Each structure stands twice: as structure tokens, then as C-alpha cells.
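Q: This is the structure, below, for whatever I ask next.
Nothing in this text is a laboratory measurement; each read-out follows from the coordinates by a stated rule. Since the structure is predicted, the reported quantities are computational estimates derived from the model, not experimental observations. All Cβ positions, glycine included, derive from the backbone under ideal geometry; neighbour counts span all protein chains shown.
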Amino acid sequence: MQTITLADAKAHLSRLIELVEGGEEVTITKRGHPVVRLVASAAPRQQLPSLAELRASLPRQAIPAGEFVRQLRDDERY
């Protein structure tokens with residue numbers, strides 16, 4: 001971890017960003033006290049597949065849902 005003053009951070013911001021992109025953590029101090037810690041941001045989340053595409057890929061049920069529930073109830077599974 002590297003520590004740098006606020007004045008130096010203003011003068012060398014692009015270099016600090018390159019360090020952070022490389023995995024380094026940088027702490028910026030103001031009057032000797034740490035005020036900011038620069039770290040690389042988390043990787044963007046992966047996009048989930050579409051729910052509509054998932055539903056379209058599932059096979060259709062042979063019987064209606066109401067009939068299916070009645071069969072389960074009549075078969076004493078509950």
C-alpha cells in the first residue's frame with residue numbers, strides 16, 4: 001500500500017489510477033491524516049439470461065396445473 005499527500009495526488013492522478021488498476025492500494029493523506037483510500041472497483045456483474053428465454057426452453061406440461069394439484073391431493077401425498 002502506498003501513501004501520498006493530497007497535493008501530490010492532485011499532481012499525479014493519472015499515475016495513481018494506473019497503480020490502482022494494477023492492484024495497488026493508495027492512501028491519500030491530508031495534513032498527515034489518511035482521508036481517502038483508492039482501490040480498484042469490483043468487476044461488473046455478469047448479465048443473467050432472460051427469464052422469457054428460460055420459460056421458452058422448458059417443456060410444456062401435459063395436464064393443466066389445477067388438474068395436477070388435484071391429482072397430488074387425491075393421491076394423498078399431502
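Q: Taking segment 20-48 as the region of interest, how many residues are in a loop (DSSP other than H, G, I, E, B) and in contact (Cβ under 8 Å) with a residue 12 or more places away in the chain?
A: So the count comes out to 5.
Q: Which of the residues that make up segment 23-71 are surrounded by 10 or more Cβ atoms within 10 Å (Cβ to Cβ), within 30 Å of Ala7 (Cα to Cα) and over 19 Å from the mean Cα position of the chain (by Cα)?
A: Those that are surrounded by 10 or more Cβ atoms within 10 Å (Cβ to Cβ), within 30 Å of Ala7 (Cα to Cα) and over 19 Å from the mean Cα position of the chain (by Cα): Glu24, Glu25, Val26, Thr27, Ile28, Thr29, Lys30, Pro34, Val35, Val36, Arg37.
Q: Name the one entry in Ile17, Ile63, Ile4 that is without any contact (Cβ under 8 Å) to a residue 40 or more places away in the chain and in a loop (DSSP other than H, G, I, E, B).
A: Criteria check complete, one pass: Ile63.
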